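Shown next, in C-alpha cells, is the structure this report addresses.
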Amino acid sequence: SAIEQSKRLAAYTAVDKHILPEHKVIGIGSGSTVPYVVERIVSQGAELNKDRVFIPTGFQSKELIVLSALNLGDVDQYPTIDVTIDGADEVDHELNCIKGGGACHLREKVLAEAAKTFILVADYRKNVKYLGTNFTPGVPIEVVPFAYAKVLQNMHHILGSPRATLRMAVAKAGPVVSDNGNFIIDAPFDNGQMKEPLGIMARIKMLTGVVEVGLFCHMAQAAYFGNQDGSVTVKR
Ligand code: DER
C-alpha cells in the first residue's frame with residue numbers, strides 16, 4: 001500500500017543517513033514503521049552488526065530485535081545510546097510529537113532521552129503543522145491503575161480534555177495494560193490547545209499517578225516522512 005511504501009521509504013532514508021559504522025549502541029522504537037528500520041539495518045550486513053547492540057522499547061521491539069538475529073541489550077547495561085530511531089503518531093513543525101499510539105511511550109521516552117541522536121520515521125499522515133490535526137485519539141498518558149479514575153477526572157475538569165478516555169483493549173476484556181503493567185488514558189485536545197505542547201505535557205506530568213505523557217517536546221533532531229509520490233520530507 002502507499003502508506004507501507006512511505007513507511008519503508010522514511011525508514012530506509014533515516015537508517016542510511018543516521019546509522020553509521022561507528023554507531024554501536026542503537027535504540028529501536030515500537031510500532032509498524034520500525035520493522036523497516038530493522039530491515040535496513042540488517043541489510044548493512046552481519047559483519048557490521050556483530051559489533052553492535054540493540055536496545056528495545058518494549059515487548060514488540062524486543063521480539064523484532066531477537067527475530068532479526070541482532071544482538072539484544074538492555075538500557076541498564078547501556079545507559080548511553082548512540083542513536084535511537086522510533087515512529088510517531090504525529091510530528092509538528094517544531095519536531096514535537098505525539099507518541100504512545102502503541103502504548104509504549106514510557107520506555108520510548110527513556111531511550112529517546114538516553115540517545116545522543118533521536119530520529120523519527122513516519123508515513124505522510126504524521127506530518128502536521130500542529131499536533132492534534134490527524135491523530136484524533138489525542139495524547140496518550142500512562143497511569144498507574146490505582147489512580148486512573150482520578151487522572152481521568154482531572155483531565156476532564158482541570159486539564160481541558162473532557163473527552164479523555166481509558167484505552168480499552170480489543171483482544172482482551174478490560175483496559176489495555178502496558179509493558180510496565182499500567183493503564184493508558186487517551187486525552188484529545190483541539191488544535192489551538194496543542195500549539196504549546198510543552199505546557200500541556202508539563203501540566204499532565206504533574207498529576208499524581210501519571211507515569212509518562214506521550215508528548216515528546218524538543219527531543220528529536222530530525223524526522224523523516226515518506227510521501228505518496230516516492231519523495232521524502234525531512235524536518236530538522
Ligand atoms: O506508540 C508509538 O509511539 C509508536 O512509535 C507508534 O505510535 C508509531 O506508530 P506507527 O509507526 O505504527 O505508525
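Odds and ends about this structure:
- In the set Leu131, Leu120, only one residue is in contact (Cβ under 8 Å) with a residue 24 or more places away in the chain, in contact with a Cys (Cβ under 7 Å, 6 or more places away or on another chain) and within 30 Å of Gln228 (Cα to Cα); that residue is Leu120.
- Just so you know, in the stretch 140-177 the residues that are closer than 16 Å to Ile98 by Cβ and within 16 Å of the ligand (Cβ to nearest atom) include one that is surrounded by the fewest Cβ atoms within 10 Å (Cβ to Cβ), and it is Arg167.
- Verdict on Met206 being surrounded by 13 or more Cβ atoms within 10 Å (Cβ to Cβ) and either out of contact with any His (no Cβ under 6 Å at 6 or more places or on another chain) or touching a residue at least 40 places away in the same chain (Cβ under 8 Å) (or both): no
- Complete set of residues in the stretch 40-61 that are within 13 Å of the chain's Cα centre (by Cα), buried (at least 22 other Cβ atoms within 10 Å of the Cβ) and in a helix (DSSP H, G or I): Ser61
- When restricted to residues that are in a helix (DSSP H, G or I) and more than 14 Å from the chain's Cα centre (by Cα), the stretch 12-39 contains 10.
- If only residues of the stretch 5-56 that are touching a Gly at 6+ places or on another chain (Cβ under 8 Å) and among the basic types (Lys, Arg) are counted, the one that is farthest from the ligand (Cβ to nearest atom) is Arg8.
Read-outs: derived from the displayed coordinates by stated rules, not from any lab. Values in this document were obtained by computation on a predicted structure and should not be read as measured data. No Cβ is skipped: glycine too gets one built from the backbone with ideal geometry, and neighbour counts run over all protein chains shown.
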